[in-house]
Structures are given as C-alpha cells and as structure tokens.
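Data block below; observations after.
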Amino acid sequence: MNNTSPPAIKDLINIIVHRPDDADARQLLYRHVKQAQFFLAAYAIPMELKEALGKNPIIINSAFNKIPLQTATKQGSKALIAYTDLETLQAQAPNHWQIEVTGKDLLGILLMSPNFDAVILNTPQGWAGISKQEATMLNSTLA
C-alpha cells in the first residue's frame with residue numbers, strides 16, 4: 001500500500017457514511033481534516049468584505065461572522081456546511097458565493113462562532129459531522 005499521499009477527505013467521509021462505527025476512518029478524518037481544502041456557500045457578501053475575499057490568504061476574524069453562510073439545523077443546533085468540492089456546492093447551493101478555506105480555518109470558524117454547534121463535511125455521497133467539542137480537541141493537536 002502506498003502511504004506517500006494522504007487519503008482524500010471525501011473517500012474517508014464515504015467510508016464513514018457507509019460504516020458509521022468505523023473508528024479508524026474517523027481517526028484518519030481527524031488526522032487529515034486540517035490540511036484539506038473546503039468550500040463554504042454564502043448567501044451574500046457584505047460590501048466591506050467583498051474586496052477582502054479576493055485576497056489570499058483570508059484572515060479570519062470577527063468580521064467573518066457577518067457573512068451569512070449556509071447552515072443546517074437539527075433539534076435546536078446549527079451546523080455550518082462545508083463542501084469537499086465545488087461541483088457539489090454548485091449543485092446544492094446554486095447562486096451562492098463560494099469561499100475556499102483550509103480545514104484548519106474551517107475548525108477555527110466553528111470554534112470562534114457562537115452560532116455553530118458543528119460543521120458538516122458534505123460530499124456527493126453523503127456527509128460526516130465534526131462537533132464543536134471534537135474541533136476543540138483537533139485544534140489543540142499539532143499541524
């Protein structure tokens with residue numbers, strides 16, 4: 001087996017979708033999520049942030065909370081939806097702004113925002129969630 005490249009996040013999520021109790025797949029997801037790239041769907045971009053979003057890298061600060069990002073709610077909790085690829089975002093959230101973030105920044109957004117209880121990592125085959133508690137644990141690890 002070739003261990004030189006990390007597994008694709010969407011492949012790990014697919015394993016978790018089909019085998020939710022697979023602790024090894026979940027641990028691999030945790031290990032690689034910070035280095036992965038994700039896409040957020042925004043309903044609108046405040047004018048003062050529009051220019052900032054065109055610059056790399058985006059500095060995450062409290063102003064990021066002004067962007068109305070796509071979320072899902074269930075039983076009183078709210079999760080931020082992050083897509084593993086642009087095609088899925090465009091299919092599920094047409095006519096939205098697309099914001100690319102690293103997994104590390106995605107966890108940072110989850111942790112800094114009192115509005116989110118979790119993040120949903122969405123793929124064409126399904127999704128896996130990371131709770132704020134799990135993100136706190138992941139954020140305290142190196143990398």
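Rundown of residues vs (1) over 17 Å from Ile9 (Cβ atoms); (2) of a type in the set (Lys, Arg), yes/no style:
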site: Trp97; (1), (2): yes, no
site: Gly103; (1), (2): no, no
site: Ile120; (1), (2): no, no
site: Gly126; (1), (2): no, no
site: Gly129; (1), (2): no, no
site: Lys132; (1), (2): yes, yes
site: Met137; (1), (2): yes, no
site: Ser140; (1), (2): yes, no
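Look at the stretch 114-125: where a residue is over 10 Å from Ala72 (Cβ atoms) and in contact (Cβ under 8 Å) with a residue 60 or more places away in the chain and a partner is polar (S, T, N, Q) and buried (at least 20 other Cβ atoms within 10 Å of the Cβ), sitting 6+ places away or on another chain with Cβ atoms under 7 Å, you get Leu121/Thr84; Thr123/Thr84. All conditions in (1) modelled with pLDDT of 85 or more; (2) in contact with a strand residue (DSSP E or B) (Cβ under 7 Å, 6 or more places away or on another chain); (3) closer than 28 Å to Gln27 by Cβ hold for Glu87, with the sole exception of (2). When Thr136 is tested against (1) β-branched (Val, Ile, Thr); (2) surrounded by fewer than 19 Cβ atoms within 10 Å (Cβ to Cβ); (3) within 16 Å of Thr71 (Cβ to Cβ), exactly one condition is not met: (3). Mind listing whichever residues of the stretch 122-143 are assigned to a helix (DSSP H, G or I) and of a type in the set (A, V, I, L, M, F, W, C)? Listed by number, the residues that qualify are Ala135, Met137, Leu138. Among Asn115, Asn61, which is the only one that is at pLDDT below 85, among the polar types (S, T, N, Q) and over 19 Å from Ala25 (Cα atoms)? From the options Asn115, Asn61, the qualifying one is Asn61. Checked against (1) outside any strand (DSSP E or B); (2) modelled with pLDDT under 90; (3) among the hydrophobic types (A, V, I, L, M, F, W, C), Ala72 meets all criteria but (1).
Restricting the stretch 87-121 to residues that are among the β-branched types (Val, Ile, Thr) and not in a helix (DSSP H, G or I), the residue that is surrounded by the fewest Cβ atoms within 10 Å (Cβ to Cβ) is Thr102.
Within the stretch 94-106, being in contact (Cβ under 8 Å) with a residue 24 or more places away in the chain and either touching a Ser or Thr at 6+ places or on another chain (Cβ under 9 Å) or more than 28 Å from Leu138 (Cα to Cα) (or both) holds for one residue alone: His96. Close Cβ contacts (under 7 Å, 6 or more residues apart or on different chains) running from residues in the stretch 67-83 that are surrounded by 13 or more Cβ atoms within 10 Å (Cβ to Cβ) to residues that are β-branched (Val, Ile, Thr) and outside any strand (DSSP E or B) comprise Ile67/Ile45; Leu80/Ile109.
The values are calculated or read from the model by the stated rules, or taken from the named source; none is laboratory data. Worth saying up front: this structure is predicted, and the values here are computed from it rather than measured. Cβ: placed from backbone, ideal geometry, glycine included. Neighbour counts: every protein chain shown.
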